[in-house]
Amino acid sequence: MRKLLITISIIGGSLLLGACRKDFVKINTDPNTATSLNPQYLLSTVLVNSAYTYQDDAYMDKPGEAGRYFTKVRNEADDLFGWSSVTWDGYYNTLSLNYQLYNFAKTQHQGQYMAVSEILRAFNFSRITDLYGDCPYSEALQLKENANVHPRYDAQQDIYTDLLKRLTAANDSLANATLDVDKTYDIMYGGNLLKWRKFANALHLRLLMRISSKDKTAFTQMQDMLNDASRFPLFTTFEEEACIPYLGKTKSDSWPGGNLVNSVTETQKYKPSKELVDALLSLNDPRLPVWIAPVEQATGYTVDGNKYVGVPNAIPAPYDYNGGEAHISELAPLFFSNADPLLKASLMTYAEQCFILAEAAQQGGVTVKGETAQTLYEKGIRGSMGAYKIDGAAQDSYLKQPGVAYDGTLKQLIQQKWIAGFMKGFEGWFDNRRTGLPAFTLGPLSALRTIPARYLYPTLETSLNADNYNKAVATQGADKTTTLMWYLKK
């Protein structure tokens, strides 16, 4: 499987958009190169590229610090929010591969792969626009056909409108599909089209919640979906959520300490944050020992004598906090053994879906048959814990605790959604910038007085696609991390 993925990546790499690179105009002109490929061969690669990078970014890149899950204790610029521009080439490369998947499926009249490709398209394009705001969309991925090396930036509102339409169409297409997806190459769902539909609809809810404060029809669209559950099936258990396993089986090739990063020492730059560890401790959360390792030495600390110790963000000499690394927690062994079935790269979880519906119900935006905001909130917690094999008795005890027992506040709901989002993508950061919750501590050395709102556009865009870049900046606002994108503007 790994050899196959590498081979496909080489094929797909020649199709890299890179948003707007003149060097790619001449791609695929070799008459001896294969011009067709069965779509199932690309599916595995698109899935791996989508899920692994989403997981990597949640841990070893800016979203991990912005979501206050991690503190970077070496080369701390990301932790201090002194963010520089961020390339989007990897994201567009995945979309380019997915574009070929779609086109191969269309040529061969395989609608089931076209629909799956559309779902993955929505996931990856939503990630780009959620990170940057306006971005190349309608003119992206078409370099081979149109030789357009200067794709325009579409408005985020228009991108979202189109993504939501495509998710609806993909769900409907799979409902009527007469052909199967090859279970060998579908490493997420083993060819189960109903589960793909559930992922599409859960993702649909995520995007609607994202824009709910800006688009007054968002809750109405949610309600329309909920009113037709047979047409729009959703996750019913954590066992259906969108995730894939890691391929490694030993520490040397496992995530995050193996072949997906430079070396094990690279992971030593990232420590669990004080905000996360303290929240887990304060709530007697049974997920704490599953996620976080105890400190190596119980004596000799300087600040915190707890068994589990997180590092505050944006402080001087974070590597020396509490007396040094022997008195700071690491990630638990779970995250260094791909053989552990609990370690998976997630695109979207059942817990997240439950919290989205709980928030919508709490705000009076939707009603869910047989559910209340409280039951959905509790299902979100149970869904997260169940995925980590926390037993039912421990779940029951946790839900009865003061601070956890449902109180009807958005503050409590978002805190629990944030906890459940540990190592699950960007949602902790994105919910904070959307709601202001949890109320994160910035730290004394933070370069900003707010959590960043976005990534800076790639540096090369200012020269290789300057006209379209300038138009986007003129419309959206200055290319700064504090500039609000469309759905965050009041």
Which net charge results when you count Lys and Arg as +1 and Asp and Glu as -1 among the other residues whose beta-carbon is under 11 Å from that of Val366?
-2
Tell me the trypsin sites (Lys or Arg not before Pro) within the range 275-384 that lie in a loop according to DSSP and have at most 15 other beta-carbon atoms within 10 Å.
Lys307, Lys369
Loop-resident sites, the range 426-461, for trypsin sites (Lys or Arg not before Pro), counting at most 15 other Cβ within 10 Å (DSSP)
Arg449
Residue by residue through the range 425-435, what is 3J(HN,Hα) from phi via Karplus (6.51 cos²θ - 1.76 cosθ + 1.60, θ = phi - 60°)? Round to whole Hz and write x for glycine and proline.
x, 9, 5, x, 5, 5, 5, 5, 6, 7, 10
Cα gyration tensor, the range 277-334 - rounded (a/c under 1.5), prolate or oblate
prolate
Residue-normalised 222 nm signal for the chain, counting each DSSP H run of n ≥ 4 as -39,500 (n - 2.57), nearest 500 deg cm²/dmol, is -14000 deg cm²/dmol
Linear extension gain, His109 paired with Ser463, 0.36 nm per residue minus alpha-carbon span:
123.4 nm
If each K or R counts +1 and each D or E counts -1, the residues other than Asp130 whose Cβ falls under 9 Å of its Cβ total +3
Where does helix 89-107 land angle-wise versus the long Cα axis of the chain, in degrees 0 to 90, nearest 10?
50
Based on alpha-carbon centroids, what's the gap between the range 270-317 and the range 390-430 in Å, whole number please?
18
How big is the gap, in Å, between the Cα center of the range 66-96 and the Cα center of the range 152-208?
27
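Can you check what the net charge comes to around Ala293, using other residues whose Cβ is under 12 Å from the Cβ of Ala293 (Lys, Arg +1; Asp, Glu -1)?
Result for the neighbourhood of Ala293: -1.
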Could you calculate the contour length gain from Asp396 to Ala317, that is, 0.36 nm times the residue separation minus the distance between their Cα atoms, to one decimal place in nm?
24.4 nm
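Since every read-out is calculated from the coordinates, none of them should be taken as a lab result. Note that the structure is predicted; figures quoted are calculated from it, not measured. For neighbour counting, all protein chains shown are included, and Cβ atoms are generated from backbone atoms with ideal geometry for every residue, glycine included.
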